[in-house]
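**Student:** The following block contains the structure, expressed as structure tokens.
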Amino acid sequence: MLKRKPISTVLWAAALAGLVAAGCGGPKPEQTSQPSESAPPAEGGSANRPQPTAAGNKAEGDTLKIGIVVPINGDQKPWGDDALNGAQIALEDFNRQGGIAGKKIELLIGDSGSNTEQAKSAAEKLISDGVLGIIGDVTSSSTIQIAKSAFEKGVPVISIGATNDDVTKQGANIFRVCYIDTFQGQVMAEFAYKDLGLRNVALMTDRKQAYSVGLSNSFRKHFEQLGGKIVGEEFYETKQTTFTGQLTNLKAKNPDGLFLSGYFPEVGPIVKSAKAAGLNVVPLGGDGWDSKEILNSGGEAVVGGVFCNHYNNKDTRPQVQHFLKRWREKVGGIPGTTMAALGYDAMAVMLDALKRSKSFDSKSLTEAIEATENFPAVSGDITLKGTNGNPIKRALVVEVRPLPEGFVMRKAIDPKDIGK
């Protein structure tokens, strides 16, 4: 059943179309990966999640403060830079469309440093500085830490790229603009089994990342349900540089595919080492692969690998074309990672909700975010009402090609397509 868009969402879409037409994971140490019982987002909204009891922050004077926490330093810096640029462009677009009459929106920036504890500290600093809401982070482990602090204070969070299922379970004030790991694990299992014809797949899991553990769980469960076999699973930890023992063990299992659920800094070297060890398999992964750095570290070995993603620069939708035009104006070239589009979307959803808020405080902002329906975002329409903070969206399977070609879309898969 189609739902009516909130008035402000319609205005946002109309303004965006006008611009175009004018030319415009808390970590889980030592945990092994077992089949997950996580389910796709259920109806019922925030009633199914713990409610924050704190009042949050209230605006002072004519300034409305919004915070963002992203990795400006560390291994995840490519994502952080893109997400911050995307968010700043969204704020500029919002102000061009009129903003909020008589109010100045101030963006306060926190650096997670690609570190969970620093992410938590950055969020706490922003909350003490009076932000009404927080955008971030790009990873699940860091976002979970941000969410814990934000829940205690009653401040809403919209995550940019945290896909682990547990992120939004931290409280009814926690939301995201990306899909969840249960879904992207199913997407990659379906593509591996049905499109690539793989039957015996091995797993490599970063046991220090909630994201990696959850994604391996989801892939395993669905691949086995389809009739495939997980022939083995090996573990490593973030910042590890040698993988000889794990790859030797997996080679003996004779897999025809290798699912790597971690992030690009380790995935590239793992794939390169696997090929050097004679493990001739199809590399598979999730959105944690999304950086051109994976081509630098993985070289020819990663070419031909496939992974799940949220967005593609070649999409012809007007929202995408407007976003790309604005990116060229502000940053130059095209975005290097999907976090650029998701950063834009997280900020756009936050600002749209702020404009709809009954009053300028964290509690009202949380309620307005929860009421979001059919928001026309760059990465696809976003509805948060009745979804427990988890928008139900399509996912893209992309193939790694040599630069400058980069990541090429192979297939789009909707949630309704899973299991058919």
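**Student:** Before we move on, is residue 399 assigned to a loop (DSSP other than H, G, I, E, B), among the charged types (D, E, K, R) and in contact with a strand residue (DSSP E or B) (Cβ under 9 Å, 6 or more places away or on another chain)?
**Tutor:** Details: assigned to a loop (DSSP other than H, G, I, E, B): no; among the charged types (D, E, K, R): yes; in contact with a strand residue (DSSP E or B) (Cβ under 9 Å, 6 or more places away or on another chain): yes.
Against the criterion (assigned to a loop (DSSP other than H, G, I, E, B), among the charged types (D, E, K, R) and in contact with a strand residue (DSSP E or B) (Cβ under 9 Å, 6 or more places away or on another chain)), residue 399 does not qualify.
**Student:** For the range 141-155, give me each residue that is more than 17 Å from the chain's Cα centre (by Cα) and surrounded by 24 or more Cβ atoms within 10 Å (Cβ to Cβ). Explain how you work it out, then say what you get.
**Tutor:** The first filter runs over the range 141-155 and keeps only residues more than 17 Å from the chain's Cα centre (by Cα), leaving 148-155.
Within the range 141-155, 150, 155 meet the criteria.
**Student:** Checking the conditions here, which among 416, 355, 393, 411 is part of a helix (DSSP H, G or I) and at pLDDT below 95?
**Tutor:** Exactly one of 416, 355, 393, 411 is part of a helix (DSSP H, G or I) and at pLDDT below 95, namely 416.
**Student:** What number goes with the only condition from (1) modelled with pLDDT of 95 or more; (2) of a type outside the set (S, T, N, Q); (3) within 22 Å of the chain's Cα centre (by Cα) that residue 253 does not pass?
**Tutor:** (3)
**Student:** Could you tell me which residue of the range 40-63 is modelled with the lowest pLDDT, considering only residues that are hydrophobic (A, V, I, L, M, F, W, C) and part of a loop (DSSP other than H, G, I, E, B)?
**Tutor:** Per the stated criteria, the residue is 42.
**Student:** In the list 66, 134, 72, which residue meets the criterion of being on the phi < 0 side of the Ramachandran plot, outside any strand (DSSP E or B), at pLDDT 95 or above and hydrophobic (A, V, I, L, M, F, W, C)? Please lay out each step first, then the result.
**Tutor:** Details: 66 fails: outside any strand (DSSP E or B); 134 fails: outside any strand (DSSP E or B).
That would be 72, the only listed residue that is on the phi < 0 side of the Ramachandran plot, outside any strand (DSSP E or B), at pLDDT 95 or above and hydrophobic (A, V, I, L, M, F, W, C).
**Student:** Moving on to the next point. Restricting attention to the range 121-140, report how many residues are farther than 14 Å from residue 366 by Cα and either surrounded by fewer than 24 Cβ atoms within 10 Å (Cβ to Cβ) or of a type in the set (A, V, I, L, M, F, W, C) (or both).
**Tutor:** Pass one, the range 121-140, residues farther than 14 Å from residue 366 by Cα: 121-130, 136-140.
The next check asks that each one be either surrounded by fewer than 24 Cβ atoms within 10 Å (Cβ to Cβ) or of a type in the set (A, V, I, L, M, F, W, C) (or both); those that pass are 121-130, 138.
Qualifying residue count, the range 121-140: 11.
**Student:** Determine whether residue 238 is part of a loop (DSSP other than H, G, I, E, B) and either at pLDDT 95 or above or over 15 Å from the mean Cα position of the chain (by Cα) (or both).
**Tutor:** In short, yes.
**Student:** Here's something else I'd like to know. Residue pairs, Cβ under 7 Å, 6 or more apart or interchain, first in the range 59-79 and within 16 Å of residue 128 (Cβ to Cβ), second among the polar types (S, T, N, Q). List them.
**Tutor:** Sorted first by the residue in the range 59-79, then by its partner, the pairs are 69/112.
**Student:** Filter the range 203-218 down to residues that are in a helix (DSSP H, G or I) and under 17 Å from residue 266 (Cβ atoms), then give me how many there are.
**Tutor:** Of the range 203-218, the ones in a helix (DSSP H, G or I) are 210-218.
Next, only the ones that are under 17 Å from residue 266 (Cβ atoms) stay: 210-216.
Qualifying residue count for the region: 7.
Residues are listed down the side, and each one gets a yes or a no for (1) under 26 Å from residue 188 (Cα atoms); (2) surrounded by fewer than 20 Cβ atoms within 10 Å (Cβ to Cβ); (3) at pLDDT 95 or above; (4) of a type in the set (A, V, I, L, M, F, W, C):
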| residue | (1), (2), (3), (4) |
| --- | --- |
| 332 | no, yes, yes, no |
| 351 | no, no, yes, yes |
| 371 | no, yes, yes, yes |
| 397 | yes, no, yes, yes |
| 400 | yes, no, yes, yes |
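**Student:** If you don't mind, there's one more thing I want to ask. Among the residues of the range 160-184, how many are part of a strand (DSSP E or B) and surrounded by fewer than 24 Cβ atoms within 10 Å (Cβ to Cβ)? Give the steps one after another, and end with the answer.
**Tutor:** First, the residues of the range 160-184 that are part of a strand (DSSP E or B): 174-176.
Keeping just the survivors that are surrounded by fewer than 24 Cβ atoms within 10 Å (Cβ to Cβ) gives none.
So the answer is 0.
**Student:** Filter the range 187-202 down to the residues that are surrounded by fewer than 24 Cβ atoms within 10 Å (Cβ to Cβ) and either part of a strand (DSSP E or B) or of a type outside the set (Asp, Glu) (or both), then identify the one that is nearest to the chain's Cα centre (by Cα).
**Tutor:** Restricting attention to the range 187-202, the residues satisfying the condition of being surrounded by fewer than 24 Cβ atoms within 10 Å (Cβ to Cβ) are 190-191, 193-200.
Filter once more, so that each one left must be either part of a strand (DSSP E or B) or of a type outside the set (Asp, Glu) (or both): 191, 193-194, 196-200.
On the way: 191: 20, 193: 24, 194: 25, 196: 25, 197: 28, 198: 27, 199: 28, 200: 28 Å.
Filtering first and then ranking leaves 191.
**Student:** Looking only at residues that are charged (D, E, K, R) and in contact with a Leu (Cβ under 8 Å, 6 or more places away or on another chain) in the range 97-120, which one is surrounded by the fewest Cβ atoms within 10 Å (Cβ to Cβ)?
**Tutor:** Step one: filter the range 97-120 for residues charged (D, E, K, R), giving 103-104, 106, 111, 117, 120.
From the residues that got through so far, the ones that are in contact with a Leu (Cβ under 8 Å, 6 or more places away or on another chain) too are 103-104, 106.
Numbers: 103: 15, 104: 12, 106: 14.
If we take residues in the range 97-120 being charged (D, E, K, R) and in contact with a Leu (Cβ under 8 Å, 6 or more places away or on another chain), then 104 is surrounded by the fewest Cβ atoms within 10 Å (Cβ to Cβ).
The values are calculated or read from the model by the stated rules, or taken from the named source; none is laboratory data. As the structure is a prediction and not an experimental result, all values here were calculated from the model. For neighbour counting, all protein chains shown are included, and Cβ atoms are generated from backbone atoms with ideal geometry for every residue, glycine included.
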